[in-house]
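Asks: Shown below is the structure under consideration.
Here, each number is a calculation from the coordinates, and none is a lab measurement. Please read these numbers as outputs of a predicted model, since none were measured by experiment. Cβ: placed from backbone, ideal geometry, glycine included. Neighbour counts: every protein chain shown.
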Amino acid sequence: LENRGNKLTYTGQQINEAACDLAREVANQGDALVAGGVSQTPSYLSCKSQEEVTKIFKKQLDVFIKKNVDFLIAEYFE
């Protein structure tokens with residue numbers, strides 16, 4: 001978020017962990033699955049290297065692995 005001029009109050013990891021916890025709590029009340037949403041990174045559009053962009057995607061995926069989501073959804077990618 002910082003690279004778009006927003007003040008960083010919470011990290012993406014903190015937001016995704018909280019979202020996973022809430023989704024799992026609701027899913028456990030019934031017969032539901034939990035999905036994690038992977039989004040494109042503006043770093044790619046800012047001409048970062050493939051290695052740098054891969055690290056950012058890995059950070060997104062690490063949260064979903066840690067929180068044991070059932071499947072992933074990939075947002076629109078350019």
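Asks: From the phi angles alone, apply the Karplus equation (6.51, -1.76, 1.60; θ = phi - 60°) to the stretch 60-77 and give each ³J(HN,Hα) in whole Hz, x where the residue is Gly or Pro.
Replies: Ordered by residue, 3J(HN,Hα) equals 5, 5, 4, 5, 5, 5, 4, 8, 6, 5, 7, 7, 10, 10, 9, 5, 3, 10 Hz.
Asks: On to the next question. Given H placed 1.01 Å from N in the peptide plane, which residues other than close sequence neighbours of LEU72 have an amide H under 5 Å from its amide H?
Replies: GLY36
Asks: Using just the helices of the chain, give the 222 nm mean residue ellipticity in deg cm²/dmol: DSSP H runs with n ≥ 4 each add -39,500 (n - 2.57), and the total is spread over all residues, rounded to 500.
Replies: The per-residue figure over the chain is -15000 deg cm²/dmol.
Asks: Hey, another quick one. Determine the sum of side-chain charges near GLY30: Lys and Arg each +1, Asp and Glu each -1, restricted to other residues whose C-beta is under 14 angstrom from that of GLY30.
Replies: It works out to a net charge of -2.
Asks: While we're looking at this one, here's another question. With the calculation restricted to Cα positions, what are the radius of gyration and Dmax of the chain in angstrom?
Replies: 14.0, 44
Asks: Please report how many Lys pairs in the chain have alpha carbons closer than 21 angstrom, counting only residues at least 8 apart along the chain or sitting on separate chains.
Replies: 8
Asks: Over the chain, what is the relative contact order in percent, taking alpha-carbon pairs closer than 8 angstrom and at least six residues apart?
Replies: In percent, rounded to a whole number, it is 39.
Asks: Are there any chymotrypsin sites (Phe, Trp or Tyr not before Pro) in the stretch 23-78 that are in a DSSP loop and have at most 14 other Cβ atoms within 10 Å? List them by number.
Replies: Listed in order of number, the matching sites are TYR76, PHE77.
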